Amino acid sequence: MFSLQPRSTYFQTLVDQESLVIYQRQIVLRWSFTGVVAFAIALAYFTGHPAPAVESATYVLPFFAAYNLWLHWRTKTGRIGKAAAYLNVSVDHLLLCAYLVQISWRMSAENMVFSSANAIFPFIALYSAFRMDFWVLTYSIVVGMLCYNGLFFLNAPRLDPALVAALPELGWDGQVFRSLYLLTLEVIFYFIPAYLRHLLAMEEKLFQEKEAMQERYQADLEREVEAKTAELRQTNQALQNALDEVRTLEGLLPICSRCKKIRDDSGRWLGMEQYLANLSNVRVTHGLCEECFAVIYPDIAEEVILHLKDLDHKE
């Protein structure tokens, strides 16, 4: 089924980008067509045998070239709106009708009916189809059919009855057949934007799948980071608890309540002198406090203690 509305912002962006590229290439083709027609006109005048059809093209081609120049300028300035597609279709049909009218005046109504320029009608619909806009294509087909049959309706009274009797396809019967044939051909062009939009839809699907994979990967990564963070937090907490326990144990000094020996980290019971010597570079010396001196030397304790205090005061 034809998708007349964009399915997403990304899909519409793809359609607009591809439509712009096709539009720019169509301008190049329009200039190429202008060059070919200009060369044919110049060659006809150079040989000295310009046909009426060539003379008619001479009057129409400057307008076509001027419009191409305007489109080229609009493209360079970046001012290309969606209305440009409808404007192109309208101008092209208008110039084609002007050319066919001149043929009917300069030659005959019969020449206008069988003119090869009528093949430009489906060509206009064809390049409209590549814009990937079904409404533009529909507009091109409707305008083309109105112009094609409108020109025949205006020139039908000028057809030669004898020639129409000899060639029934020149009359209304043939016009109806040609119109149906032209309409059938142009309706087939709907498959062009449909297929192009299908390709862009596939690209959109791949883009969405890629985004979904990135989102899943990002979510998995975030969950993994959160899990690792929680694990590290638990590990840090365990290390902190262990460190606090070590600091607590370091602050405790087990001493025997009877002999006053101290237990080291290896479980050995050591005297205070040996424990301090193993713990640091402190050199232990021995002496007696006043109380112990009085117990050991009661006879001279008072005299020695007073003498030591006098020495401290003198210092």
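Nothing in this text is a laboratory measurement; each read-out follows from the coordinates by a stated rule. Every value quoted in this text rests on a predicted model; they were computed, and no experiment measured them. FYI the Cβ positions are ideal-geometry reconstructions off the backbone, even for glycines, and counts take in every protein chain you see.
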Shape call for the range 1-154 from the C-alpha gyration tensor, a ≥ b ≥ c root eigenvalues: rounded (a/c under 1.5), prolate (a/b greater than b/c) or oblate? oblate
What is the helix-to-structure angle for 83-106, meaning the angle in degrees between its Cα long axis and the longest Cα principal axis of the chain, kept from 0 to 90 and rounded to the nearest 10? 10 degrees
Multiply the residue separation of ALA201 and ASP264 by 0.36 nm, subtract the distance between their alpha-carbon atoms, and state the gained length in nm to one decimal. 14.8 nm
Most packed first (mean Cβ within 10 Å per residue), the peptides 178-185, 60-67 order as 60-67, 178-185
Normalized C-alpha radius of gyration of the chain, against 2.2 N^0.38 Å? 2.66
At a 10 angstrom cut-off on C-beta neighbours, averaged per residue, how do the peptides 203-216, 98-111 rank from highest to lowest? 98-111, 203-216
Cubic angstrom per residue, convex hull over Cα atoms of the range 47-133: 110 Å³
Ranked THR235, THR34, criterion: other C-beta atoms within 10 Å, fewest first: THR235, THR34
What angle do you read, to the nearest 10 degrees and between 0 and 90, between the alpha-carbon axis of helix 134-155 and the longest principal axis of the chain? 10 degrees
Share of Cα-Cα pairs in the range 114-197 beyond 20 Å, whole percent, is 38 percent
By how many nm would the segment from PHE33 to ILE305 lengthen if fully extended, with 0.36 nm per residue of separation less the alpha-carbon distance? 85.0 nm
Applying a 10 Å radius around every beta-carbon, put 134-141, 25-32 in order of their mean neighbour count, most first. 134-141, 25-32
Nearest 10 degrees is fine. How inclined is helix 301-314 to the longest principal axis of the chain, computing both from alpha carbons? 50 degrees
For THR58, THR229, order by how many other beta-carbon atoms lie within 10 Å, fewest first: THR229, THR58
Under 26 Å from the Cα of LYS205, which lysines turn up, not counting those fewer than eight places away in the same chain? LYS82
Please give the calculated 222 nm ellipticity per residue for the chain, where each DSSP H segment of at least 4 residues contributes -39500 (n - 2.57) and the sum is spread over every residue; nearest 500 deg cm²/dmol? -26000 deg cm²/dmol
Please report ARG258, ARG74 as a ranked list, fewest other C-beta atoms within 10 angstrom at the top and most at the bottom. ARG258, ARG74
ILE41 and TRP105 label points (each 7 Å along its Cα→Cβ direction) are spaced in nm at 1.6 nm
